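Peer 1: Let me give you the structure first, and then I'll get to my questions.
The values are calculated or read from the model by the stated rules, or taken from the named source; none is laboratory data. Nothing here was measured: the structure is a model prediction, and the numbers come from that model. Neighbour counts are summed over all protein chains in view; Cβ atoms, including those assigned to glycine, are modelled from backbone coordinates with ideal geometry. Areas reflect the complete protein model, heavy atoms only, side chains present, ligands, DNA and RNA absent. Shrake-Rupley method; radii C 1.70, N 1.55, O 1.52, S 1.80 Å.
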Amino acid sequence: MLDSETVETVSSAPDNSAKNNLATRIGWAILILATLYICYFSHLGAIGFVGPDEPRYAWIARDMAETGDWVTPRLYGKPWFEKPPLFYWGAALCFKLFGVSEAAARLPSAISALLATLVLAWLAFRLYGAETARWLLLLLPTTVGMIAFSHAAATDMPFSAMLTIAMVCAAVVLGLTQNEKSPVLPQTPWLALILFGFFLGLAVLAKGPAGIILVGGAVFFWALFTKRWRDAFRLFHPAALASFFATALPWYILCARRNPDFFGIFIIEHNFKRYLTFEFQHVQPFWYYVPVLLIALSPWILWAISFRPSKPTSSSGGEFHAVSAYVLIWAAFPVAFFTISKSKLPGYILPVLAPCMLLLVALLCKLIQQNQALARWPLMGIGALFASSVIWAFYDLYQARDHTRAHWAFLAGPVFVVFFSVPAIVGGIVTITAALLSRVRLAQTVAVISFLLMLVAAQDALRKFNLRLSARIAASEIEQVDALKVYAFRVQRGWLYQLNFYLHREVPQWRPGQPGVAIVVLPRKAVPELKKDVKVLGIIYDFSEEANILRVAPLSDPASP
């Protein structure tokens, strides 16, 4: 017979196990929520608009919010048909709700990234199980590509997110998500069909017909490879077509009726000519997307070293073949399609990140479950990458002694170097040690936490780079001066668009012989050229190499002091 003490021990074991499971789930939930917030929503407005696209798109969104015209995108009062309106609508709505700011303009991209991540995690759960879904929620947001584009006021992330959700809905319609561990869905699920058409329509509203080509091409080659043409034709169900047309067509019809030149500019110039000709001058070599993809998937791209086709946890051989083909073709087709294009930009293959990370995370979970020694090498590489990044920071500080060029670590300051270096070194060493001991879960968890701490330090330091990257401070300095004429001279295109947005007017280019006293924004290297035509009355602000703000007057103006 068991004594009372033994009985008490046995009876209390399930309670302890339940408490441990609850604590584990709470820990996972906290880490996932922190990851999603830090990667997608933290420091959205830390830096002003950068490049030429962000200020242009933000201007159009602000114009929509101010004028109430939600059909015709306008830049500086003129119709602008480079992109459809989905991003403009989202940013304009955020401007109305939260005021005009960089954070509000970038919020649609952050929300889009969050939605795509959650939906892809659901697909990972259906295909590979709960552990894969949890790791996907940690690793996809912490890729360089998702962090960068979720913090950009641009059309790339909304387009990629809508495309990702459409592909997930297509997987449901194709019957790829049915397994023994989840409820079996009907052969033609109505909700999935309607959502597929809806999100494909949103993708077309985000960037145009490229959405149809990417989804249609991937499904076509999947059907060709697996011989499942009957399943593929389900996507042409009347419910999906009705949902798609109801979502996408109204804006295209209204915009074309109000603007007779819309079709020629948007479809012909900004789609066909952009893809088939060198007119837009985004010329890159055919291998351009290889390094772009490697950077976008960093730091977790090192898992590709151990890549093997991963079998879903609950699938037959045929289903595994179909699922693997679907995810692989989903990842490969956009790369092939845009490699052929005459215009190449990094954002074009952002839709590839979702299926690539799904494959890499499935591989990680397979190695975790089998405890393979093969998992050591990617994790050791990740740990070494983190630890070695500190060398760059200290070397940049050392090189900053000559003051002959911009040094990022020096500009960020020694506090940034310390807060960046500690998690990099400690996290890198612990990751390597745990990997050597075959503690794969521990090593990957430490790597994620270390990366998040490094990212927080980097995001906090971004504010110090506003002078280098954005015209936000330049515009604020100009607004504090008397209302004089403002001109730009030899300013790079991105800075000019930024000045236009922040000053809420189109800044003209300086021409020799301009009468009267004026303010001129120009880079330092252009100052000697400007002085040939004017006399400088004063320096309002010196932005080092990027830009200076000078008060000038004609050499022949006798009224000038």
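Peer 1: Can you report the number of residues in the stretch 65-90 which are over 19 Å from L503 (Cβ atoms), in a helix (DSSP H, G or I) and open to solvent by less than 50 Å² (accessible area, probe 1.4 Å)?
Peer 2: 4
Peer 1: In this structure, is P52 more than 19 Å from P250 (Cβ to Cβ), surrounded by fewer than 18 Cβ atoms within 10 Å (Cβ to Cβ), of a type outside the set (F, W, Y) and in contact (Cβ under 8 Å) with a residue 24 or more places away in the chain?
Peer 2: yes
Peer 1: Among all residue pairs at least 6 apart or on different chains, which show Cβ distances below 9 Å where the first residue, located in the stretch 65-90, is farther than 22 Å from A248 by Cβ and the second is open to solvent by less than 20 Å² (accessible area, probe 1.4 Å) and among the aliphatic types (A, V, I, L, M)?
Peer 2: A65/A91; A65/A92; E66/A92; L75/I60
Peer 1: Which of the residues that make up the stretch 434-447 are surrounded by fewer than 21 Cβ atoms within 10 Å (Cβ to Cβ) and touching a residue at least 40 places away in the same chain (Cβ under 8 Å)?
Peer 2: Residues satisfying the conditions are L436, S438, R441, T445.
Peer 1: With respect to R401, determine if the residue is among the charged types (D, E, K, R), surrounded by fewer than 24 Cβ atoms within 10 Å (Cβ to Cβ), part of a helix (DSSP H, G or I) and modelled with pLDDT under 80.
Peer 2: yes
Peer 1: Do we have any residue at all in the stretch 353-367 that's farther than 27 Å from A113 by Cα, at pLDDT 85 or above and over 19 Å from the mean Cα position of the chain (by Cα)?
Peer 2: Looking through the stretch 353-367, at least one residue is farther than 27 Å from A113 by Cα, at pLDDT 85 or above and over 19 Å from the mean Cα position of the chain (by Cα).
Peer 1: Taking only pairs six or more apart or across chains, which ones have beta-carbon atoms under 7 Å, a first residue in the stretch 154-165 that is over 14 Å from T117 (Cα atoms), and a second residue that is open to solvent by 10 Å² or more (accessible area, probe 1.4 Å) and in a loop (DSSP other than H, G, I, E, B)?
Peer 2: Partner pairs satisfying both residue conditions: T155/K83.
Peer 1: If you don't mind, there's one more thing I want to ask. Restricting the search to the stretch 194-230, which residues are open to solvent by less than 20 Å² (accessible area, probe 1.4 Å), farther than 21 Å from V327 by Cβ and part of a helix (DSSP H, G or I)?
Peer 2: Those that are open to solvent by less than 20 Å² (accessible area, probe 1.4 Å), farther than 21 Å from V327 by Cβ and part of a helix (DSSP H, G or I): G197, G201, V204, L205, A206.
Peer 1: Here is a further query. Hey, can you tell me all the residues within the stretch 514-540 that are touching an Asp or Glu at 6+ places or on another chain (Cβ under 7 Å) and either open to solvent by 70 Å² or more (accessible area, probe 1.4 Å) or not in a strand (DSSP E or B) (or both)?
Peer 2: Across the stretch 514-540, the qualifying residues are P523, R524.
Peer 1: Given the options F236, F286, F272, F262, name the one that is surrounded by fewer than 20 Cβ atoms within 10 Å (Cβ to Cβ), of a type in the set (F, W, Y) and within 24 Å of A170 (Cα to Cα).
Peer 2: Only one candidate qualifies: F236.
Peer 1: What are the pairs with Cβ atoms under 8 angstrom where one residue, in the stretch 491-519, is closer than 18 Å to Y76 by Cβ and the other, located anywhere, is open to solvent by 10 Å² or more (accessible area, probe 1.4 Å) and small (G, A, S)? Sequence gap at least six, or different chains.
Peer 2: Every condition considered, the pairs that remain are G494/G51; Y502/S476.
Peer 1: Let me ask another. Please go through (1) of a type in the set (D, E, K, R); (2) within 30 Å of Q444 (Cα to Cα); (3) at pLDDT 95 or above for D15 and return the number of the only condition it doesn't satisfy.
Peer 2: (3)
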